[in-house]
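Trainee: Provided herewith is a single structure, encoded as structure tokens, for subsequent inquiry.
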Amino acid sequence: MSDYKFYDQVNKAFDKAAAYTRFEKGLLEQIKSCNDVLHIAFPIEKDDGSIEVIQGWRVEHSHHKLPTKGGIRYSMMVNEDETMALAALMTYKCAVVNVPFGGAKGGIMIERNNYSERELERITRRYTFQLMNKNFIGPGIDVPAPDYGTSAREMGWIMDTYRQMSSEIDAEGCVTGKPLNQGGIRGRTEATGRGVFFGIQEACTNKEDMESIGLDGGIEGKTFVVQGLGNVGYHAAKNMVESGAVMVGVAEIDGSIYNENGIDLDKLMEFKKTSGGITGFEGTKTLKDSSAVLEAECDILIPAALENQLNKKNANKIKAKIIGEAANGPTTTEAHEIIKKRGALIIPDNYLNAGGVTVSYFEWLKNIQHVRFGRMGKRFEEESYTRILSVIETVSDRRFTDKELKHLAKGGGEAELVDAGLKDTMVDSYNEINELRKVHDVDLRTAAFINAINKLGEIYEQMGIFP
Ligand code: GLU
């Protein structure tokens with residue numbers, strides 16, 4: 001849609017919420033503005049010896065806290081407007097979940113499948129070099145992470161490039177979402193999808209809220225449709241299925257499929273690996289195009305692909321009662337109003353997909369502390385619990401089996417601590433914004449923006465203007 005301006009969309013939602021805050025126009029303008037916008041064009045050598053000029057961006061939206069933080073995406077849809085919108089969303093998202101970073105985002109305009117692994121490595125390393133050159137990367141400056149079209153592999157290349165050229169002791173903290181053996185953290189890959197699940201689960205736990213949209217409490221038995229089986233969509237769907245929800249529809253680039261009785265996620269992933277797509281998967285009906293399944297009958301719709309997927313063209317036809325925004329900006333402001341009027345609950349992106357940056361925060365802490373979470377405490381905890389359990393055995397008739405002892409005396413290792421920290425963040429933040437929703441009688445998106453603006457506004461007020 002050519003008239004679609006993503007940054008405008010984010011700012012419209014911001015303005016709507018700003019009306020419920022006490023800050024003056026100039027300060028709101030300061031919160032909203034993108035502080036630094038970098039556009040670079042650099043050459044790379046292709047495998048056949050030819051030269052291609054690549055376009056890339058990095059936007060640091062807000063420096064109220066440092067470093068700034070946000071992913072890097074590789075897609076043909078990348079442009080300055082999109083990168084600015086995504087950087088702004090990162091600021092609000094971090095504020096909502098109390099992650100002490102400013103927002104940023106980067107992007108390279110390429111179709112990644114058209115490049116060999118070596119070419120992608122050259123693009124990534126050269127982009128990193130440009131960011132270093134312009135002071136747009138560093139553990140205390142701006143810290144990228146994976147996003148659409150990038151993964152741990154690219155983050156490893158970024159870290160290596162940075163470390164080769166910097167003597168900083170904290171160099172590993174220049175990027176997150178790295179491979180585990182290069183300073184990554186357990187649970188980061190799954191984090192965004194798992195956070196999406198925790199958020200939806202928390203919403204479903206609230207019986208009163210569920211009744212108001214005509215659903216029972218709990219995740220079990222609820223039907224859902226997911227758009228995009230990339231890292232975020234897959235892990236969100238996996239967690240939903242493991243908790244007893246039924247996946248009835250899936251959309252991917254090649255088309256969409258539906259089966260009201262449920263689709264086997266593991267088998268579908270196997271099928272996708274061998275056939276390259278999802279259409280034609282056994283036991284499912286192939287729908288007319290990849291967006292058709294968004295309009296299918298289901299309780300929960302999880303758009304986990306790109307922005308502008310629920311828009312004025314299809315908003316009237318969306319039947320889901322809960323929209324769980326796993327992607328950034330999947331619902332336009334117009335579509336938001338239409339879907340809301342129909343009585344659906346929209347769990348907004350600026351809260352729901354914050355699990356990724358939350359665990360990125362843990363990874364960054366691990367990097368600058370130079371120690372894995374749980375390394376000092378795990379055995380100590382286990383020995384303390386074991387002593388307590390043996391006292392319980394001495395003063396009572398209770399005898400624990402070896403299995404019980406192992407379970408009850410388990411100390412927190414990195415994976416357990418990360419998961420607990422992620423869950424705590426998603427649950428607490430949901431209740432924080434749900435409270436604001438009731439206080440102001442607004443929707444959850446507006447409540448999340450109010451929450452973010454209040455936190456940012458107070459910081460800016462205290463800081464004053466320099467010089
Ligand atoms: N790209 C992810 C997002 O949009 C993660 C960002 C990060 O971990 O810094 O939230």
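Trainee: Using θ = phi - 60° and the Karplus relation 6.51 cos²θ - 1.76 cosθ + 1.60, list the HN-Hα couplings for segment 294-309 in order, rounded to whole Hz, with x at every Gly or Pro.
Mentor: The phi angles translate into 4, 8, 6, 5, 6, 7, 10, 10, 10, x, 10, 10, 10, 6, 6, 8 Hz.
Trainee: State the Cα centre-to-centre distance between segment 400-434 and segment 254-295 in whole Å.
Mentor: 34
Trainee: Please report, in debye to the nearest 20, how large the charge dipole of the chain is about its Cα centre when each Lys and Arg carries +1 at its beta carbon and each Asp and Glu carries -1 there.
Mentor: For the chain, the charge dipole is close to 280 debye.
Trainee: Order these peptides, 258-265, 459-466, 170-177, by their mean beta-carbon neighbour count within 10 angstrom, highest first.
Mentor: Top to bottom by mean Cβ count within 10 Å: 170-177, 258-265, 459-466.
Trainee: In addition: Once amide H atoms are placed 1.01 Å from N in the peptide plane, what residues at a sequence separation of 5 or more from Ile346, or on another chain, have their amide H within under 5 Å of its amide H?
Mentor: Ile323, Leu444
Trainee: Would you kindly calculate the translational diffusion coefficient of segment 341-467, applying Stokes-Einstein with the Kirkwood radius from alpha carbon pairs, for 4 °C and a viscosity of 1.567 mPa s, and quote it in µm² s⁻¹ without decimals?
Mentor: Once the numbers are plugged in, D ends up at 70 µm²/s.
Trainee: Given the C-alpha atoms of segment 220-314, compute the convex hull and give its volume per residue in Å³.
Mentor: So the per-residue Cα hull volume is 87 Å³.
Trainee: Treating the beta-carbon of each Lys and Arg as +1 and of each Asp and Glu as -1, no other charges, what is the dipole magnitude of segment 37-111 about its Cα centre, to the nearest 20 debye?
Mentor: 580
Trainee: While we're looking at this one, here's another question. For the charge dipole of segment 291-347, defined by +1 on Lys and Arg C-beta atoms and -1 on Asp and Glu C-beta atoms about the Cα centroid, which residue among Asn328, Leu310, Ile339 has the Cα displaced farthest towards the positive pole?
Mentor: Farthest towards the positive end: Ile339.
Trainee: Turning to a different aspect of this structure: Taking amide H positions as placed in the peptide plane 1.01 Å from N, state which residues far from Leu310 in sequence (5 or more) or on other chains have amide H under 5 Å from it.
Mentor: Thr331, Thr332
Trainee: A follow-up question, please. Enumerate the calculated ³J(HN,Hα) couplings along segment 315-321 in order (Karplus 6.51 cos²θ - 1.76 cosθ + 1.60, θ = phi - 60°), each rounded to whole Hz, writing x wherever the residue is Gly or Pro.
Mentor: 4, 5, 9, 6, 9, 4, 8
Trainee: Which aspartates and glutamates, if any, have their Cα less than 14 Å from the Cα of Lys313, not counting same-chain residues under 8 positions apart?
Mentor: Asp3, Glu295, Glu334, Glu337
Trainee: Cα-Cα over 20 Å: which of Lys25/Lys105; Lys12/Lys340; Lys178/Lys366; Lys272/Lys317; Lys222/Lys312?
Mentor: Check vs 20 Å cut-off fails for Lys25/Lys105; Lys272/Lys317; Lys222/Lys312.
Trainee: Which order, highest average first, do 184-195, 385-396, 310-321 follow once you tally other Cβ atoms within 10 Å for each residue and take the mean per peptide?
Mentor: 184-195, 310-321, 385-396
Trainee: Find the eigenvalues of the gyration tensor of the Cα atoms of the chain, then list the square roots of 5 times those eigenvalues as equivalent ellipsoid semi-axes, largest first, in whole angstrom.
Mentor: After diagonalising the Cα gyration tensor, the semi-axes are 32, 30, 26 Å.
Trainee: Tabulate in residue order the Karplus-calculated ³J(HN,Hα) for segment 235-241, using 6.51 cos²θ - 1.76 cosθ + 1.60 with θ = phi - 60°, rounded to whole Hz; enter x for Gly and Pro.
Mentor: Rounded to whole hertz, the list is 5, 4, 4, 4, 5, 4, 4.
Trainee: Highest mean first, what order results for 405-417, 356-368 on Cβ atoms within 10 Å?
Mentor: 356-368, 405-417
Trainee: Let me ask another. If you find the alpha carbon centre of segment 436-467 and of segment 1-36, how far apart are they in angstrom?
Mentor: First find each Cα centre; the distance between them is then 12 Å.
Trainee: Still on this structure, please answer the following. Taking amide H positions as placed 1.01 Å from N in the peptide plane, with prolines and chain starts having none, which residues 5 or more places from Gly71, or on another chain, fall under 5 Å of its amide H?
Mentor: Gly106, Ala145
Trainee: Rounded to the nearest 0.05, what FRET efficiency do Ile465 and Asn133 have when you use their Cβ-Cβ distance and R0 = 25 Å?
Mentor: After rounding to 0.05, the efficiency reads 0.30.
Every read-out reported here was derived from the displayed coordinates using simple, explicitly stated rules and does not represent laboratory data. Since this is a predicted model, take the numbers as computed values, not measurements. Every residue, glycine among them, receives a Cβ derived from its backbone with ideal geometry; neighbour counts consider all protein chains shown.
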